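Visitor: Please find one structure pasted underneath; my questions will follow.
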Amino acid sequence: VSERARNVAVVGHLHHGKTSLIDMLVSATHNEAPLFKSAPGQPMRYSDTRTDEQRRGLSVRNSVVSLLLSGARGVSYCVNLIDT
């Protein structure tokens, strides 16, 4: 339902923590096992899905992460986070 969808673009300069913010939101709201495996000792990067992004630690392309969050009145919201 479109009235329960929220679109949020995270915009900022290079190396200002946009991807880290989205990764923290995903890990804080969804504590299931991650779909992607990270290197030992490295934090999980949900929005960096390309191998060159993971290797360099730098987002090359935009990515979208959708979170299903429940509100205070038991209503669920879909939050689409756009990592630019």
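Visitor: If you check every pair at least six apart or on different chains, which have Cβ atoms under 8 Å apart with a residue in region 3-27 that is under 12 Å from Ser59 (Cα atoms) first and a residue that is open to solvent by 100 Å² or more (accessible area, probe 1.4 Å) and outside any helix (DSSP H, G or I) second?
Guide: Lys18/Val11
Visitor: Kindly provide the set of residues from region 6-58 that are out of contact with any helix residue (DSSP H, G or I) (no Cβ under 8 Å at 6 or more places or on another chain), modelled with pLDDT of 70 or more and hydrophobic (A, V, I, L, M, F, W, C), ordered by number.
Guide: Of everything in region 6-58, those that are out of contact with any helix residue (DSSP H, G or I) (no Cβ under 8 Å at 6 or more places or on another chain), modelled with pLDDT of 70 or more and hydrophobic (A, V, I, L, M, F, W, C) turn out to be Val8, Ala9, Leu14, Leu21, Ile22, Met24, Leu25, Val26, Ala28, Leu58.
Visitor: Which pairs turn up if I take residues in region 65-84 that are closer than 10 Å to Ala5 by Cβ and open to solvent by 70 Å² or more (accessible area, probe 1.4 Å) and look for partners that are outside any strand (DSSP E or B) and of a type in the set (Asp, Glu) with beta carbon separation below 8 Å, at least 6 apart in sequence or on another chain?
Guide: The qualifying pairs do not exist here.
The values are calculated or read from the model by the stated rules, or taken from the named source; none is laboratory data. In this text the structure is predicted, and so the values were computed from the model without any measurement. Ideal geometry is used to build each Cβ from the backbone, glycine not excepted, and the neighbour counts take in all protein chains shown. What goes into the accessible areas is simple: the full protein's heavy atoms, side chains included, and nothing from ligands, DNA or RNA. Shrake-Rupley method; radii C 1.70, N 1.55, O 1.52, S 1.80 Å.
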